[in-house]
Each structure stands twice: as structure tokens, then as C-alpha cells.
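Single-structure report; data block below.
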Amino acid sequence: MEMNGIPKIVILGAGYSGIMTALRLQKELNYNEADVTLVNKHDYHYFTTQLHMTAAGTDNPENNRVSILKLIDEFKIDFVKSTVVQIRPQDRRVILEDGTLSYDYLVIALGGESETFGIPGLAEYALTIRSINSTRLIREHIEYQFARFKREPHRTDLLTIVVGGAGFTGIEFVGELADRVPELCRQFDVDPSLVKIINIEAAPTVLPGFDPELVEYGMRVLERKGVTFRIGTPIRECTPDGVIVGDGEEIKAATVIWTGGVRGNRLVEEAGIETVRGRVKVDEYLRAPGYDNIFVIGDCSLVFNEEGKPYPPTAQIAVQQGVNCAQNLVACIRNQALKPFRYQHKGTLASLGKGEAIGIAFGRKYRGRTAAWMKKVNDLRYLFVLGGIMLVLRKGRFI
Ligand code: FAD
Ligand code: NAD
């Protein structure tokens, strides 16, 4: 508790879960009920769910981010633009790259990181879709390979893009990339038939676990756009020249994008909190085991369904956790009963590029334009929840 008796709440991360916690707290808390500080390494909130477009170059990064100061009320929430370097639960402190914060209640909402499963070379040579900055790098990297090809026309590997992992991130990315290729070819005077997009998946199917009929539809759409799938083919190694798959076959590619999985932020396990691949098995109130003042939400948390299976880390669950976490923080401060977190899965929609998507919502399957339209409505809905109609108009891509 602070000297003035006002409890200090520190929220780490302003992604889907962290920004939602902050916005709900700012709405719920009365003046002087708590000191709330939000820490984020950038001064903007970005839409991770749209990053496949920024990475492929079909969308401008500006459409995918919004200034945090435009979302929060600075009279109610202190925003600190800084990078968290250490969490110290033992002395209720967080170490930032340029300072220290103490807390009474901590919300860890730092998101996930790419999981490379120790596959050699991936961390060094593959690119990942994780942030605005990482997607700028992918876009520029691909353009540079096209430009190089004009100087080294025998090197068709410069026009080969390998995407490792055909989960939702991989699928959404290859859909966008296939849409971008014709424009890239025009821009760099390249014969489109020389460009290869190869999506490699270890499991016997793309989108393992998803509805087989929709998967079949999705694969057909993407193959028609020029994507080649290699399923049942694990990537064993990534090298400066491409990837080694299966029994040792080499696929030469100047661009390798790794979309093979995510884990929780490493700072959480380094804090001494028990994790499974960086994710904390939180209690029913989203608290870390053994700490009744530390909430862990979003991709850093692990929540199980009634059959004991973990929910996949998504923006959908992250947003709902943010709302519940804010309610429980208010309850803690007011000495009221906490509310258990109950996830309401509304459905899954995945884009396959312009005008095409697949998904399940309201217990029904959707594909094609209808699914793409539903995904768009869903994205607009998030903008509305975040910043009202003005944000919808500013970032809704109506032009
Ligand atoms: P994030 O949204 O990742 O936010 C973490 C925040 O913490 C970021 O602002 C980051 O800058 C900040 N941060 C990280 N480390 C530090 C540090 N050390 N110091 C300070 N700040 C830090 N889910 C869906 O439900 N629907 C979709 O359609 C969908 N599409 C996706 C498409 C793509 C291409 C990808 C990659 C993911 C998609 N997801 C989707 C998954 C979804 O984006 C994540 O589950 C969601 O972003 C998790 O939210 P979060 O709050 O845990 O973390
Ligand atoms: P994921 O874990 O869902 O998929 C990774 C894929 O990579 C899997 O299919 C896996 O079999 C494959 N893989 C793993 N190792 C491999 C190897 N060595 N070689 C080849 N393939 C390999 O990861 P993701 O797609 O990044 O998704 C992360 C989370 O974000 C998930 O929870 C997902 O649901 C969510 N997400 C949702 C959407 C959406 O709803 N539209 C979009 C993107 C991501």
C-alpha cells in the first residue's frame, strides 16, 4: 500500500488483455481509489490479429496501431513507455529498462513469443510475425529479395518464400502473401511463375483440429491463389539457405517465416512463477498460483475448459480476461468477492486473403465472402469497444 493508503496497480503490456484491463479500470474506479500504471514498450497498441496483412504488405502499419494516449484517460491512468526487464514478486517490484515500479497488485499481460521448440537455426534465420516492427522487417525483406533477383536472375530461391507452420497465423499470412505477389511482380518486373510460396506443416493436415470440411475449402482457395502445401513434413532445421525438412530434404528459400507456434513471455518464468512453456496455469480468478496479488492474462496465461483441455491463446479470450481481471481488481480493492473467469467462445474466423475466409460462429460454418464479411464486422466491433465510433471511422479501412 502506498504511503497515502491508495493501492497501486501496475499493468504490464498494453495488448488485447492489458489495454482492456486498463480501460475497464478507468471506467469502474472512483477518483483516488487506486493508482493505476500501464507499462508498454511502445507508445501504441497494435492489432496483432491484423499483422499478417502488414507482414505481407497488403496493409499499412498505420492502420494496425493506435496511440495509447488516445485510448486512455491520463487523469486516471499513468502511462509509462518502457520495456520490462524483470518481475520481482518477492519484493513487489518491476524493473524497467530505465527505472523501477512497486505495486500492490500486478497484472501480467505481456503477450506471447514465438516457440521454436529448439529447432536449430530458426531463431537465427527465420522471421516471425509478432509486432509491427517484426512485420515491417518481413515486408522489406521480401521486397529486397525481389530487387536482388533482378541482379542475380539464376537465383530463383530469392523468389521462394517458405512459411513454417500451417496453423491460423501461417494460413492467414500465405493468403495475404498470395494476394501481394502480382503487385510485387509488377513492381519488380518479375515473372509471376517463378515465385513460390510453400507452406510447410508437420501435422497430417493444415489447421490441425479445425473442421475438416472448412480446411479442405481453405486449402483449395489458397492453392488456387498459388500456395503450395507440404503437409506431414516437419521442419528439422533452418539454415541461411532455406530449410531442411522430413528426412533431410533441403528447400532453398531466401525467406523463411516461422509461424510454428507461440509460448508465454519469458519474463514470467524468469520471475520464478511456475509456467508451462511460459504460460501460467492461473486460478479461477486469473491469479498466479501462490500469489493473490498477481493476475496473469492473455497469451501468458493457461486456462482450461470443462474437459480439462487448454483454450488456445487468442485475442478473444485475452479481451474477456481483461474485463474479468479489471472487475476482480476493483473487488480486491473494495474487499468484495471475486468473480470466477468463464470464457465464452464466440467462434473462430480465419482470413484467406482478400474476400475469402473460413470460420465457425454461432454453431454454424461459414466460408467465402460471408465469412470474410463476418471477420470484418468482428474487427470493427473490437475497434468500437476500444475507442468508440471515432476509432472505427479512423482505423476501419473503409476506403
Ligand atoms: P499482445 O496482444 O501480444 O500484447 C502484448 C503487449 O505487451 C504488446 O503491446 C507488447 O508490445 C507488450 N510487451 C511485450 N513485452 C514487453 C516488455 N518486456 N515490456 C513492455 N511491454 C512489453 N486471435 C484471435 O482471437 N482472432 C484472430 O483473428 C487472431 N488473429 C491473429 C493473427 C496473427 C497474425 C497473430 C500473430 C495472432 C492472431 N491472434 C488472433 C492471436 C492474438 O493476437 C493473441 O492471442 C493476442 O494478441 C494475445 O493478447 P495479449 O494481450 O496476451 O498479448
Ligand atoms: P499454432 O500453434 O496454432 O500453429 C502452429 C502450427 O505449426 C501447427 O499446425 C503445428 O503443427 C505446426 N508446426 C509446429 N512445428 C512444426 C515444424 N517443425 N514443422 C512444420 N510445422 C510445424 O500457432 P499460430 O498459428 O501462430 O497460432 C497461435 C495462436 O493464435 C493460436 O491459439 C491461434 O488460434 C491464434 N490465432 C488465431 C487466429 C484466428 O482466429 N483467425 C489467427 C492467428 C492466430
(request) Enter the angle in degrees (range 0 to 90, nearest 10) between the Cα long axis of helix 315-333 and the first principal axis of the Cα atoms of the chain, meaning the one along which they spread out most. (result) 10 degrees
(message) Taking the 0 to 90 degree range and rounding to the nearest ten, how far is the long axis of helix 368-395 tilted relative to the main principal axis of the chain, both from C-alpha atoms?
(response) 40 degrees
(message) List the chymotrypsin sites (Phe, Trp or Tyr not before Pro) within region 8-91 that DSSP assigns to loop and that have no more than 16 neighbouring Cβ atoms inside 10 Å.
(response) Y31, F75
(request) Using DSSP to define loop residues, name the chymotrypsin sites (Phe, Trp or Tyr not before Pro) in region 324-362 whose beta-carbon has at most 12 other beta-carbon atoms within 10 Å. (result) F362
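To the nearest 20 debye, what is the magnitude of the charge dipole of region 105-202 about its Cα centre, counting +1 on the Cβ of each Lys and Arg and -1 on the Cβ of each Asp and Glu?
Numbers: 10 positive and 14 negative charges, 57 e Å.
Charge dipole of region 105-202: 280 debye, to the nearest 20.
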(request) State the antiparallel share, in %, of DSSP beta bridges confined to the chain, rounding to the nearest 5. (result) 50 percent
(message) Give the separation of the Cα centroids, region 246-303 to region 35-86, in Å.
(response) 20 Å
(request) Any chance you could give the angle, 0 to 90 degrees and rounded to 10, that helix 132-151 forms with the longest Cα principal axis of the chain? (result) 20 degrees
(request) Please work out the C-alpha center-to-center distance from region 368-399 to region 164-228 and express it in whole Å. (result) 24 Å
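Give the longest segment of the chain that steers clear of GluC sites (Glu not before Pro) in DSSP loops with at most 13 neighbouring Cβ atoms within 10 Å, not counting the sites themselves.
On the way: sites that count: E2, E74, E97, E274, E284, E306, E307.
Between the exposed loop sites, the longest stretch runs 98-273.
Top to bottom by accessible area (1.4 Å), largest first, where do M20, M374 land? Mind dumping the intermediate values first?
Numbers: M20 5, M374 25 Å².
Heavy-atom accessible area, descending, gives M374, M20.
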(request) Please calculate how many Å² of accessible area the chain carries per residue, with a 1.4 Å probe and no DNA, RNA or ligand atoms counted. (result) 47 Å²
(request) Nearest 5 is fine: what % of DSSP beta bridges in region 25-94 come out antiparallel, could you say? (result) 50 percent
(message) What three numbers, in Å, describe the spread of the alpha carbons of the chain along their principal axes, ordered from the longest?
(response) 71, 42, 41
(request) May I ask you to give the average projected area over all directions of the convex hull of the Cα atoms of region 133-221, in nm² rounded to one decimal? (result) 6.4 nm²
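So which trypsin sites (Lys or Arg not before Pro) in region 131-171 are both in a DSSP loop and have at most 16 other Cβ atoms within 10 Å of their Cβ?
Passing sites in region 131-171 are R155.
Carbon and sulfur together cover what percent of the accessible area of the chain at a 1.4 Å probe radius?
50 percent
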(request) Looking at region 82-200, send over the antiparallel percent of its DSSP beta bridges, to the nearest 5. (result) 60 percent
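Normalised by the residues of the chain, what does the relative contact order come to in percent, with Cα pairs under 8 Å and at least six apart?
Working: 807 pairs, mean separation 72.0, N = 399.
This gives 18 percent for the chain.
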(message) At 0.890 mPa s and 25 °C, plugging the Kirkwood radius over alpha-carbon pairs of region 1-155 into Stokes-Einstein gives what diffusion coefficient in µm²/s?
(response) 137 µm²/s
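The values are calculated or read from the model by the stated rules, or taken from the named source; none is laboratory data. Predicted, not measured: the structure shown is a model, and the values here were computed from it. For neighbour counting, all protein chains shown are included, and Cβ atoms are generated from backbone atoms with ideal geometry for every residue, glycine included. Areas reflect the complete protein model, heavy atoms only, side chains present, ligands, DNA and RNA absent. Shrake-Rupley method; radii C 1.70, N 1.55, O 1.52, S 1.80 Å.
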